[in-house]
Each structure stands twice: as C-alpha cells, then as structure tokens.
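Bear in mind these aren't lab numbers, they're just calculated from the coordinates by the rules spelled out. Being a predicted model, the structure only gives us computed values, none of them experimental.
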C-alpha cells in the first residue's frame, strides 16, 4: 500500500469537499480548523514515533473528523464524518481493518466518548489542542459566533457558562499534551471565570437575579468604590504637596533676595528696615507652616499577634508594620486576606486615615497661603510708606544743608 498517495488523495478530497459545499456559517469548523487539527496530529504523533500504518490512521481521521458539519447538524456530525471517510476509503481499496480504526478515531471525538487507545487519544487531544493555547480566546469567539448563527437565542453569558463547564470537564489524554497544555488551559479557565464575574448587569437583570448574583454585583461595586476613593485621596494628597512646595520655593527665593540684596542697603536706606523685617518674617512663617503641612509622621511600626486577632491593626499602612519581619507581616496579611470583614475594614480604615491626613494638610496649606497673602500685602504697603517718608526726609535734609545758616 502506497501511503504517500493516500495522504495526498485524502487531503485533496477533503479540501474539495469544503470548497464544493462551502458554508459561510461555519466560522470555526471549516477547512482552516481541519488543517490545524492535522498539523497538531502530526506534532503529537511525531512525539510517539508511530509506525506508518498508525500514522495513516490518525492522519486520515484528522482530515475527515469534522466533514460531517457540511451535511448535517452538529449533534451528529461525527457519525456523518465517519460515513464520508468510509465511502472514500472503500472506493480507494483500503484495508477494512484500517478503515475501522480510522472510524473509531473519528467517533472517539464525541463528547460522550472516551478514547481507548493511543491513536484515539491523539485525535481527541489534537481536536481540543486550542483549549490549552493563547489562541483559545480567538477560537472560543469563533465557535460562539458560529453557534449563535445556528441557534440565535444564546447570549454571551450563557455561552461563557457553557465554555467554563467544558473546560472544567475536559481533559487531555496523552502525556505530551498534559505536560505542554495543562497550565495554559488552567489560565484560560481562570481568565474566563474572571470575565464572567465582570459582565455588566442591567437594573432589570438585577431585579430578577438570584440573591447570590446580586451579592456578587454589590461586592464588585464596593470594591470599585473603595479603590476610586483611595485613588482620589492620593491625588488630593499629591496636589496638597505640590501647593506646599510652590510656597516653599517662592518664599525661599524671596528670602535669598532679601538676605543678599536688601540687607546691604539697610545701613544706607535705614527707612527700609521695618518693611524688610516684616517681609522676611512673613516669608519665614509661610515656609515653616508649609513644611509642617508636608512633614511626614511616622508611627511605631509594630503590631502584636493580638492586634491581628482583634482586627485592630491596619496592615495596609506601612507605618504600622515597617519594623516587623517579613515572615510576621506575611503571616498577618494571610490572616487578613482570608477574612473579608477584616480586609474591608482595613481598606475603610486606610481611607479614613488618608482623609485625616488630608484634612491636616489642607488646613495648614490654607493657613500658609493666608499668611503669604497677608504678608505680601502688608509688606508692599510698608515699603510704600517707608519709601514715601524716607524720600521726604531726604529732601528736608538737603534743603537744610543748602541754607546760609
């Protein structure tokens, strides 16, 4: 028997079937999927160094396994695929035992069937190879769209639920696929479950949803609220620090100018002494208040096991644990993460403490701005008055020196 000729004839025949009976609704179970399964079959079979006759069995089964989709409904496509394969192979004079083995491989891909030998395991694993790859997201979407074209009533939520059940019940049979694909399949399942939890729910759905689903939705809303509140507090804290830094920088420049320029003139222009001291005083006070607003406060940095048991310590704030060892902190965090009430309580406490710090910061910054504003106004007035009277005094002295007396 010339196996290479059979390989070529089978490939040409199946490709021709898909071309002559093209179905636009087969978005996934098309010739592209068939070629992918054939490629995966070669990959897995090559790992086990099958003899040539066994290679022919899995090769032909891979090409024919989904041809039934072209002629019948999905529920019976395996039987139709086996029938199409038998008609073709018998017409080519292939041995009956070989045809039977190929037929059994095709039928083993049914969801209710279990492969009983290596050849059937290879076909089953090749057919579901995509479940353990990064391509799963794309292929799952294609299968959903194909299914929806045939059964328009299904929703995305219902499909995701069915897909999760499929992944949970699915298994790879060959040791090759178990080692290669299981970890990625677990990640795909985990991601799909996560996406299901994030599906938006309308008010109408909320009213008719089970209590457990409503609780899940509420929990998600609480988490979002806490996260946004914490982020807003941090942004406000950054804004407060920025305002304080502006005051510090501006007044530091003013002080440096006063010390380097005005102080030298005081021995000559003594009338500028009071305005200069006034200006310098307000600038120094503004800087001090701004520094107080941004100066960090460090707490004790320790907690006891009893504090964790009593849920009195906020483990999310570094000031409460920076003096503890990594093991102690990790152990305490483990307890907190397994207790939702403690976890949410810590998040609430963290937001509250941020709010207290923010209130102190903004009070001091407001005070610093008021001091700076009043200081600028008074200093300008004082300089104006001093300049006016200073120049008047200078004019009288000049006149007195010019008199004959």
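Odds and ends about this structure:
- Cα gyration tensor category, rounded, prolate or oblate, for region 19-111 with a/c compared to 1.5: oblate
- Reported value for region 214-399: 128 Å³ per residue, from the convex hull of its C-alpha atoms.
- Gaussian network model of the chain, Cα within-10 Å springs - most flexible of 361, 156, 324: 324
- Gaussian network model of the chain, Cα within-10 Å springs - most flexible of 157, 330, 146: 330
- Contact order relative to length of the chain, as percent, for alpha carbon pairs under 8 angstrom and 6 or more apart: 12 percent
- Using the alpha carbons alone, the radius of gyration of region 3-200 stands to its Kirkwood radius in an Rg to Rh ratio of 0.97.
- Highest-fluctuation residue, 60, 285, 112 considered, GNM on the chain with Cα pairs under 10 Å: 112
- Cα-based Rg of the chain normalised by 2.2 N^0.38 Å, two decimals: 1.87
- Region 214-399 - percent relative contact order, Cα under 8 Å, separation 6 or more: 33 percent
- Note: relative contact order over region 3-200, using C-alpha pairs below 8 Å and six or more positions apart, is 21 percent.
- Region 35-86 versus region 118-178: alpha-carbon centroid distance in Å: 17 Å
- Counting only DSSP H runs of at least 4 residues, each contributing -39500 (n - 2.57), and dividing by the residue count of the chain, the helix-based mean residue ellipticity at 222 nm comes to -24500 deg cm²/dmol.
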